[in-house]
1. Output the residues belonging to segment 115-160 that are in a helix (DSSP H, G or I), of a type in the set (Gly, Ala, Ser), more than 17 Å from the chain's Cα centre (by Cα) and modelled with pLDDT of 50 or more.
2. Whether any residue in segment 13-24 is outside any helix (DSSP H, G or I), farther than 17 Å from Phe120 by Cβ and modelled with pLDDT under 85 is what I want to check.
3. Given the conditions (1) touching a Pro at 6+ places or on another chain (Cβ under 6 Å); (2) crowded, with 16+ Cβ neighbours inside 10 Å, which single one is not true for Leu87?
4. Within segment 85-99, how many residues turn out to be in contact with a helix residue (DSSP H, G or I) (Cβ under 9 Å, 6 or more places away or on another chain) and at pLDDT 90 or above?
5. Say whether the condition of being farther than 20 Å from Val105 by Cα and of a type in the set (Asp, Glu) is met by at least one residue in segment 8-27.
6. Within segment 22-34, count every residue that is among the small types (Gly, Ala, Ser) and either surrounded by fewer than 18 Cβ atoms within 10 Å (Cβ to Cβ) or on the phi > 0 side of the Ramachandran plot (or both).
Amino acid sequence: MLIPILIEQIMIVAISVADTAMAAFVGETAVAGISLVTTVDTLVKTQISALAIGGSIAISQYIGKDEPDNGSTAMKMVYYSILFVALVVGLSLFTFRKEFLTLIVGNVEPAVMKNAQPYFLLSVFSYPFFAVYLCCVSVFSCNGQQQSIHGLFYCNDGDEPCYKDNLNLHI
């Protein structure tokens, strides 16, 4: 399970680097604005990832004990908890975006702050979706099915179990 976690963290950082590289063509104030947001974005996404990894440990323990009902309940709790945290953090950062950025970076040029705010809004908007994705990935990894996240969309067909260990994904 260590290798997928490392790959996931490398991808989070790689996306931030790619964002900065693409903004380099726009100008240095755009790069500075994105760099301000990237630090906060990486921190929030790492925390959401840590919650999903911790939840996968709880789910895995129930799978190991051959308690699929408790595993399904734990999965639902992990899903709702992480989604709630992502929504609260996202709404808080959305509401207080200018104050938060000013608090984090202090006094910066208005052009840099102007470039940072749209990128920050897009990042904040992505947190709930990122949380749902990580919950699904952690559930699949608990069941040894890291190879297909798209299987999520094919298993909600009623009373059939979604996984080989009888965990239902009906949330």
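1. First, pick out the residues of segment 115-160 that are in a helix (DSSP H, G or I): 115-142, 150-154.
Those left that are additionally of a type in the set (Gly, Ala, Ser): 116, 123, 126, 131, 138, 141, 151.
Those left that are additionally more than 17 Å from the chain's Cα centre (by Cα): 116, 151.
Hit for segment 115-160 is Ala116, nothing else.
2. First, the residues of segment 13-24 that are outside any helix (DSSP H, G or I): 24.
Now drop any that are not farther than 17 Å from Phe120 by Cβ, which leaves 24.
Filter once more, keeping what is modelled with pLDDT under 85: 24.
Checked against the condition, which is being outside any helix (DSSP H, G or I), farther than 17 Å from Phe120 by Cβ and modelled with pLDDT under 85, segment 13-24 yields at least one hit.
3. Against the list (1) touching a Pro at 6+ places or on another chain (Cβ under 6 Å); (2) crowded, with 16+ Cβ neighbours inside 10 Å, Leu87 comes up short only on (2).
4. 10
5. yes
6. Going residue by residue through segment 22-34, those that are among the small types (Gly, Ala, Ser) are 23-24, 27, 30, 32-33.
Now drop any that are not either surrounded by fewer than 18 Cβ atoms within 10 Å (Cβ to Cβ) or on the phi > 0 side of the Ramachandran plot (or both), which leaves 24, 27.
Adding up the residues that qualify gives 2.
The values are calculated or read from the model by the stated rules, or taken from the named source; none is laboratory data. Only a predicted model underlies this, so the values are computations on that prediction, with no experimental measurement involved. Note: ideal-geometry Cβ built from the backbone for every residue, glycine included; neighbour counts use all protein chains shown.
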